[in-house]
Amino acid sequence: MSSPIPAIRKVGIVGAGQMGNGIAHVFALNGYDVVLNDIAQSKLDSAMATIRDNLGRQIRKEMITEAESEATLARIRPATALDAFDDVDLVVEAAAEQEELKKSIFAALLTVVPDHAILTSNTSSISITRLASSTDRPEKFMGLHFMNPVPVMRLVELVRGIATDEATYKTMNSVVESLGKVTASAEDFPAFIVNRVLVPMINEAVYTLYEGVGTVQSIDKAMKLGANHPMGPLELADFIGLDTCLAIMNVLHDGLADTKYRPCPLLVKYVEAGWLGRKTGRGFYDYRGDEPVPTR
């Protein structure tokens, strides 16, 4: 495994969900001390169990050793209070995709973290410039957008806000490389690069379903076999979370004021029903049985 960047030894991660636990996994595996925060102890317990399972998968694939797995787990400190961030060098915020929630988290962090700490957000679509402007260090703030699942996906989008300084950018580029991942620099426009292209494609697949052009199965099969995608767009939407897909489409629609980014009414309906994909057991597929079954 890689060695930590000397200036960044300890990392605080806010949010122990799907993204947060993956980010904690890769930082700890590569030698960084990690504080993993969530308001619920149950979320932290679940996150640690997920990290342990994913490390076990890496052992079975002979990607890491048992000793490396144990060392990784030992470097992660779960914490329900942000007070544990009083000596971190870097913060990665990985809370839900809601701008006001993220701003409130950074406001709380500013009362705790040291002056030298770099602040980053794993947001998939929200303006880095706006988030940074709500803090006391916009020059030390940037977007650090990991892909899901974090331990597997190699790309990290680096997003500079208008005030992000060159030293912060270079440091975070080096940090990402120390994790064995590859960076892509994106400008601070709605949804950056990956989701600017990906989520409208998913939305168009939902429109294709909504208009009766194809069934769930035929749409996913067409894109897997016709475009060589590893996962169909509706299956992928369920994996990402339909609420997250809708949030990104709304950011695109609001931020760019272009009707081509209008969320499909069917996507809105699924979210209103609480059918958010894999995490709730139902989305475009029903996951409650032995095999996923299309819900339309």
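The values are calculated or read from the model by the stated rules, or taken from the named source; none is laboratory data. Note that this is a predicted model, so its numbers are computed, not measured. Quick reminder, even Gly has a Cβ in these numbers, built from the backbone with ideal geometry, and neighbours come from all protein chains shown.
Couple of notes before you dig in:
- Scanning the range 154-188 for residues that are surrounded by 14 or more Cβ atoms within 10 Å (Cβ to Cβ), under 18 Å from the mean Cα position of the chain (by Cα) and under 15 Å from residue 32 (Cβ atoms) turns up 156, 172, 175, 176, 177, 179, 181.
- Close pairs from the range 36-62: first in the same structural domain as residue 102 (by TED's automatic domain parsing), partner among the acidic types (Asp, Glu) and outside any helix (DSSP H, G or I), Cβ under 8 Å, at least 6 apart: 44/38; 47/38
- Qualifying positions in the range 162-193 - under 19 Å from residue 125 (Cα atoms), out of contact with any strand residue (DSSP E or B) (no Cβ under 9 Å at 6 or more places or on another chain) and small (Gly, Ala, Ser): 191
- Test: residue in the range 215-224 that is of a type in the set (S, T, N, Q) and touching a Cys at 6+ places or on another chain (Cβ under 8 Å): no
- Test: residue in the range 174-187 that is at pLDDT 95 or above and under 24 Å from residue 238 (Cα atoms): no
- Yes/no for residue 131 being over 20 Å from residue 261 (Cα atoms) and outside any helix (DSSP H, G or I): no
- Among (1) out of contact with any Lys or Arg (no Cβ under 7 Å at 6 or more places or on another chain); (2) touching a residue at least 12 places away in the same chain (Cβ under 8 Å); (3) closer than 24 Å to residue 251 by Cα; (4) assigned by TED's automatic domain parsing to the domain that holds residue 280, the one test that residue 211 misses: (2)
- Residue that is farthest from residue 295 (Cα to Cα) [pool: residues in the range 269-280 that are surrounded by 14 or more Cβ atoms within 10 Å (Cβ to Cβ) and within 21 Å of the chain's Cα centre (by Cα)]: 279
- Residue in the range 76-91 that is in contact with a Pro (Cβ under 6 Å, 6 or more places away or on another chain), surrounded by 14 or more Cβ atoms within 10 Å (Cβ to Cβ) and modelled with pLDDT of 95 or more present: no
- Taking (1) surrounded by 13 or more Cβ atoms within 10 Å (Cβ to Cβ); (2) modelled with pLDDT of 95 or more in turn, residue 247 satisfies each apart from (2).
- Scope the range 117-128; condition farther than 18 Å from residue 178 by Cβ and either more than 19 Å from the chain's Cα centre (by Cα) or not in a helix (DSSP H, G or I) (or both); matching residues: 119, 121, 123, 124, 125, 126, 127
- A single member of 161, 143 is in contact (Cβ under 8 Å) with a residue 40 or more places away in the chain and touching a helix residue (DSSP H, G or I) at 6+ places or on another chain (Cβ under 9 Å), and it is 143.
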